[in-house]
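For reference, the structure discussed in these notes is given below.
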Amino acid sequence: MANYMGKGIKRVEDPRFIQGQGKYVANLQIYGMTHAAIKRSPYPHAKINSIDTAEAEALEGVLAVFTGQDMIDGGVGPIPCGFTPPDIKLPPHYSLAVDKVRHVGDGVAVVVAETAYIAYDALDLIEVDYEPLEAIVDAKEAMADGAPQLHEETPNNLSFTWPIGNEEEVNNALAQCDHVVEVDLINQRLIPNAMEPRAAVAQWDGAMENLTLWTTSQNPHTIRLLMSAFTFGIPEHKLRVISPDVGGGFGSKIFHYAEELIVPFCARAIGRPVKWVATRSEAHLTDAHGRDHISRAKMGMTKDGEFQALHIETYANMGAYLSLFAPMIPTALYHTLMAGLYKTPLIYGITYGTMTNTTPVDAYRGAGRPEASYLLERVIDIASHDLGIDPIELRRKNFIQPDEFPYQTPVALIYDSGDYDGVFDEAVKIADYDKMRTEQSSAREEGRLVGVGVSGCIEASGAGPSAAVVGLGAAIGLYESGAIRVHPTGKITVLTGAHSHGQGHETSLAQIVGDELGVPIEDIEIVHGDTEKLPYGVGTYASRSMAVGGGALVMSAEKIRDKVTKIAAHQLEAAVEDMVYDRENGTIYVKGAPDKSKAFAEIAFAVTLANNLPEGMEPGLEETSYFDPPNFTFPNSAHICQVEIDKESGEVALQDYIAVDDVGNIINPLLVEGQIVGGVAQGVGQALWEHGAYDENGQLLSGSFMDYAMPRADGFPGIQVGRTITPSPSNPLGVKGAGEMGTIAGTVTVANAVMDALAPLGIRHIDLPLTAQKIKAAIDAANGGGD
Amino acid sequence: MNISVAVNGKSYTRDVEPRMLLVHFIRDVLGLTGTNIGCDTSQCGACTVHLDGMSIKSCTTLAVMVDGADITTIEGLAPKGNLHPMQKAFWEEHGLQCGYCTPGMIMASTKLVENNPNMSESEIRHGLEGNICRCTGYQNIVKAVQSASKEMAGGD
């Protein structure tokens, strides 16, 4: 029965999804439910002179219309920012704009009506008198003299400056280097686009003054805490936040969104349940976007390719307001990864976080780490072309070696474990790298544009030690809770603070508990996503659920085993130290006398009777633990891919993709492979197609799936996945995060392949996404044609 | 307007607004919430259902357009208590993660295979262009469709 670790068990949660029984927020129907729709600004920047809601209110079926001022008058506070480095300037962020609007899609009023159709009709009857202002969308230009100003609180639109390292030392070292690669890079804005649009349902119980909020969140406890302590003023014990099945998150559902205040405000005001469901265009306008960096990188090295120093300057676009963790992404989760897999001794980085008339930006799958990997691995690839050293060879020269762990990087982190040559050996083998290069040479002789791309990436996942993240400026402890409740018949309910929105926790966490206790997974149910049922939990992001949430369950299982063993010893009249807990089958027996044994379920029942327990022992078999890991985990990868570019059209065909990742021990290879492949697809999306594009006036050009190029099934070859394993010492399971590595590596691997294909034309760099149009223009320019 | 439709083998007559979308009729009037809405613009396919034997996107079809039609949603794809080979294959091959695109993906895939039981991998990928998944990278969806094709051919 047990021995689930490492087995590709198919998911126990799937029967409901494949039969259309997923419990998504938008599916909720409550008696008396009403529907909300939100009036949003068509202007990127404008003063609000007045809002006339009379006509909308008069429409039959409309129950109420509220503005931002109504919400402030009702005691709803601004949405706080949860990462505040020293000297940060914090502009207020109200759930509905009051004085002016600052991005297209900024909410100005909400209509509550009997049906969603009526609510949308009423939106057209609201008259907002706007006075348009000049807008700014570029993160760097936002700081320039004379740029339109978004907030009084942020002069020059600068919210924060975040440096790390010693700039003088780095500059001195760069001046001494044989070769310095200098490049300007744009990491373009992305729209996360979980397939389930955000939604919220709120129900107010006026008699008891209790509020229940169903919301598409990756972390319901965080939302409850923020609403209690900052935004909604409701005591925590009077607020229940439920995140049932959530249809994908990728970071975008971490944050405390305006609608999580607007919908409860409406429900309390009208005394009926209220539902709001985003349209896809609303998702594009209001879900926190990702990336959007403008950077200059300088890397110095010896002529043999030994890295000496790295200097990074980044302008990070925060958008119109600071989303919950926005300032953390281009700082503590970005510069700290600039050592990569390498022993670069000197690193200096600085980020300017600026406000612009665009949708707020925050964590999106990888969150800072894809931006770091893209920058570092692009620079190294350019260096390999400059120096004429094979890109794998160049990387290998600089790897941190397996015997050097734990390894203190110059940018604050201590890497846990790894064997980077081992990961590359495996990738080279699966890809048949030498053959790839030989074929590329022949293709080039035929005049074809074939490129091979390589990357070696690392991330800090499994966040994290609470002391470290709070020390960096985050207002959140990053432990996780895990409780095991054993029922009288020996069946088990597991309560986890982690939240599954596609990860498959109902399977993987059951595998962990099944193995720890010797109980079949059929007897285990995982409960998540409900603040009333669970101990305080942190939630799922930063690839932390197995490392941290799994760790908490291992701790609780140890406590359960300990109690069960003591009871078995007592009832078998043996000494506790003579007992063996057989985790294969959940029996507890006397060493050397296997017939003197008790089954797990027998003990569970004995605990319920409570008539024959060891002296002084309490009845009950339920344990709760909180795991706060001593360090992050550091998954790492070697990805290799091959592309061919159509010279006539500039179109890129991705022909082969090999992903080898060291994510530590594996709980369920089926799920890990799913995470890696899905992650790579998102990374490829950024490399080739996706762009949350604004025009210079602040209009979002990619406002729906008609204009935002999502990766589709025909854009990919089969992705080959391999792995090496160096267990992480940072948690009891030895696992590392697996959720983000694919995305972190995917973008730069493909970008490097495309640039490798174009290298014979003397093209050094093209900014993402590498669309046919851009590539074609670069080819034409290189050929002396085009204009 | 009054419309009469058969959904999952059951007949319904309902008075609907002329502007009501089919997907809202299915979800909000009939309470069959397995059909999800992902984009409102016919791009993502989360709302795919079968209409008189064809797979269509119900977010850009008006309810009044289907008067007299026979509709199958994910809830009616297999007899109660059974799984269609396509549902089984998505489960076996780990063809879903968050599950939101899954009903539409399964409905689209089923018709693809019925129309062409011997698709190549590239034909499957091309055939699924109109259904967006953000989680899986499509790889295991393609495997599921391949595996279900065999099962569906064997079952005939």
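Is it the case that some residue within segment A:327-339 is more than 28 Å from A:ASN631 (Cα to Cα) and part of a loop (DSSP other than H, G, I, E, B)? Write out each step before concluding.
Taking segment A:327-339 and keeping what is more than 28 Å from A:ASN631 (Cα to Cα), we get none.
Scanning segment A:327-339, I find no residue that is more than 28 Å from A:ASN631 (Cα to Cα) and part of a loop (DSSP other than H, G, I, E, B), so the answer is no.
Filter segment B:87-96 for residues that are within 21 Å of A:ASP714 (Cβ to Cβ) and over 17 Å from the mean Cα position of the chain (by Cα); which is farthest from the other protein chains (Cβ to nearest Cβ)? Spell out how you get there, then give the answer.
We begin by selecting, within segment B:87-96, every residue within 21 Å of A:ASP714 (Cβ to Cβ); these are B:89-90, B:93-96.
Retained after the next criterion (residues that are over 17 Å from the mean Cα position of the chain (by Cα)): B:93-94.
Details: B:GLU93: 9, B:HIS94: 5 Å.
Checked segment B:87-96; the qualifying residue farthest from the other protein chains (Cβ to nearest Cβ) is B:GLU93.
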Item to check | Residue that is nearest to the chain's Cα centre (by Cα) [pool: residues in segment A:267-300 that are among the hydrophobic types (A, V, I, L, M, F, W, C) and within 23 Å of A:ILE744 (Cβ to Cβ)] | outcome: A:ALA288
Checklist outcome for this item: Counting only residues in segment A:333-360 that are surrounded by fewer than 24 Cβ atoms within 10 Å (Cβ to Cβ) and of a type in the set (A, V, I, L, M, F, W, C), the one nearest to A:GLY464 (Cα to Cα) is identified as A:ILE350
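Each row is one residue, and each column tells you yes or no for (1) touching a helix residue (DSSP H, G or I) at 6+ places or on another chain (Cβ under 8 Å); (2) free of Cβ contacts under 8 Å to residues at least 40 places away in the same chain; (3) closer than 25 Å to A:VAL12 by Cβ; (4) away from every other protein chain (no Cβ under 11 Å).
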| residue | (1), (2), (3), (4) |
| --- | --- |
| B:LEU30 | no, yes, no, yes |
| B:ASP40 | yes, yes, no, no |
| B:MET54 | yes, no, no, yes |
| B:GLY76 | no, no, yes, no |
| B:PRO85 | yes, no, yes, yes |
Checklist outcome for this item: A:ASN585 vs (1) in contact with a Lys or Arg (Cβ under 9 Å, 6 or more places away or on another chain); (2) part of a loop (DSSP other than H, G, I, E, B): all pass except (1)
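What residue, among those in segment B:56-73 that are in a helix (DSSP H, G or I) and among the β-branched types (Val, Ile, Thr), is farthest from the other protein chains (Cβ to nearest Cβ)? Before the answer, list the steps.
Taking segment B:56-73 first, the residues in a helix (DSSP H, G or I) are B:58-60, B:63-66.
Among the residues that remain, those that are also among the β-branched types (Val, Ile, Thr) are: B:60, B:64, B:66.
On the way: B:THR60: 12, B:VAL64: 14, B:VAL66: 18 Å.
The qualifying residue farthest from the other protein chains (Cβ to nearest Cβ) is B:VAL66.
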Next on the checklist: With the requirement that a residue be aromatic (Phe, Trp, Tyr) and within 13 Å of chain B (Cβ to nearest Cβ), what does segment A:658-699 give you?
Outcome noted: A:TRP689
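Would you point out which residue out of A:ILE18, A:ILE38, A:ILE79 is under 25 Å from A:PRO197 (Cα atoms), in contact with a His (Cβ under 6 Å, 6 or more places away or on another chain) and buried (at least 22 other Cβ atoms within 10 Å of the Cβ)? Before you say what the answer is, go through the steps one by one.
Details: A:ILE18 fails: in contact with a His (Cβ under 6 Å, 6 or more places away or on another chain); A:ILE38 fails: in contact with a His (Cβ under 6 Å, 6 or more places away or on another chain).
Going through A:ILE18, A:ILE38, A:ILE79 in turn, just one is under 25 Å from A:PRO197 (Cα atoms), in contact with a His (Cβ under 6 Å, 6 or more places away or on another chain) and buried (at least 22 other Cβ atoms within 10 Å of the Cβ): A:ILE79.
Give segment A:442-462 a look and list any residue that's out of contact with any Asp or Glu (no Cβ under 8 Å at 6 or more places or on another chain), farther than 17 Å from A:TYR374 by Cα and buried (at least 24 other Cβ atoms within 10 Å of the Cβ), or say none. Even if it seems obvious, please write down each step before you answer.
Of all residues in segment A:442-462, those out of contact with any Asp or Glu (no Cβ under 8 Å at 6 or more places or on another chain) come to A:442, A:444-447, A:458, A:460, A:462.
Cutting the leftovers down to farther than 17 Å from A:TYR374 by Cα gives us A:442, A:444-447, A:462.
Hit for segment A:442-462 is A:GLY462, nothing else.
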Checklist entry - Restricting the first residue to segment A:715-735 and requiring it to be surrounded by 19 or more Cβ atoms within 10 Å (Cβ to Cβ), which pairs with a second residue that is of a type in the set (Phe, Trp, Tyr) meet a Cβ separation below 7 Å and a spacing of at least six or different chains? => result A:PHE716/B:TYR138; A:ILE719/A:TYR657; A:SER730/A:PHE632
Next on the checklist: Considering only residues that are under 28 Å from A:VAL677 (Cβ atoms) and in contact with a Pro (Cβ under 9 Å, 6 or more places away or on another chain), which ones fall in segment B:50-76?
Outcome noted: B:ILE74
Checklist entry - Is there any pair linking a residue in segment A:406-417 that is over 12 Å from A:GLY340 (Cα atoms) to one that is basic (Lys, Arg), with Cβ under 8 Å and at least six apart or on different chains, and which? => result A:ASP416/A:LYS736
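Return the residue satisfying two criteria in turn: it lies in segment A:167-225 and is of a type in the set (Val, Ile, Thr) and in contact with a Gly (Cβ under 7 Å, 6 or more places away or on another chain), and of such residues it is surrounded by the most Cβ atoms within 10 Å (Cβ to Cβ).
Restricting attention to segment A:167-225, the residues satisfying the condition of being of a type in the set (Val, Ile, Thr) are A:170, A:180-181, A:183, A:186, A:191, A:201, A:212, A:215-216, A:222-223.
Next, from what is left, pick out any that are in contact with a Gly (Cβ under 7 Å, 6 or more places away or on another chain): A:180, A:191, A:222.
Numbers: A:VAL180: 18, A:ILE191: 25, A:THR222: 23.
Out of the qualifying residues, it is A:ILE191.
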Next on the checklist: Anything in segment A:706-748 that is more than 24 Å from A:TYR374 (Cβ to Cβ) and either more than 9 Å from every other protein chain (Cβ to nearest Cβ) or among the polar types (S, T, N, Q) (or both)? List them, or say none.
Outcome noted: A:ILE725, A:THR726, A:PRO727, A:SER728, A:PRO729, A:SER730, A:ASN731, A:PRO732, A:LEU733, A:GLY734, A:VAL735
Item to check | Which listed residue is crowded, with 20+ Cβ neighbours inside 10 Å and at the interface with chain A (Cβ under 7 Å from one of its Cβ atoms), from B:ILE124, B:ILE132 | outcome: B:ILE132
Next on the checklist: Could you list, ordered by first residue, the pairs with Cβ atoms under 7 Å in which the first is in segment A:98-111 and farther than 12 Å from A:ILE48 by Cα and the second is hydroxyl-bearing (Ser, Thr, Tyr), at least 6 apart or interchain?
Outcome noted: A:HIS103/A:THR358; A:HIS103/A:THR359; A:VAL104/A:SER41; A:VAL104/A:TYR43; A:GLY105/A:SER41; A:GLY105/A:THR286; A:GLY105/A:THR359
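Quick grid of which residues meet (1) free of Cβ contacts under 8 Å to residues at least 12 places away in the same chain; (2) charged (D, E, K, R); (3) surrounded by 22 or more Cβ atoms within 10 Å (Cβ to Cβ):
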position	(1), (2), (3)
A:ALA2	no, no, no
A:VAL12	no, no, no
A:LYS23	no, yes, no
A:GLN29	yes, no, no
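With respect to A:MET755, determine if the residue is in a helix (DSSP H, G or I) and in contact (Cβ under 8 Å) with a residue 24 or more places away in the chain. Break it down into steps so the answer makes sense when it comes.
On the way: in a helix (DSSP H, G or I): yes; in contact (Cβ under 8 Å) with a residue 24 or more places away in the chain: yes.
Criteria met by A:MET755.
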Checklist entry - Within segment B:98-113, restricting attention to residues that are at the interface with chain A (Cβ under 7 Å from one of its Cβ atoms) and in contact with a Phe, Trp or Tyr (Cβ under 9 Å, 6 or more places away or on another chain), which residue is nearest to A:LYS253 (Cα to Cα)? => result B:CYS98
Next on the checklist: Six or more apart or on different chains, Cβ atoms under 8 Å: show the pairs whose first residue is in segment A:119-139 and more than 19 Å from A:VAL98 (Cα to Cα) and whose second is aromatic (Phe, Trp, Tyr).
Outcome noted: A:VAL137/A:TYR694; A:ALA139/A:TYR315; A:ALA139/A:TYR352
Checklist outcome for this item: Checking A:SER637, A:SER597, A:SER649 in turn, the sole residue that is outside any helix (DSSP H, G or I) and buried (at least 21 other Cβ atoms within 10 Å of the Cβ) turns out to be A:SER637
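Bear in mind that the values in this text are calculations on the coordinates, not laboratory data. Owing to the predicted nature of the structure, the values given are computational and were not obtained by experimental measurement. Please note: Cβ atoms are built from the backbone with ideal geometry, for glycine as well, and neighbour counts cover all protein chains shown.
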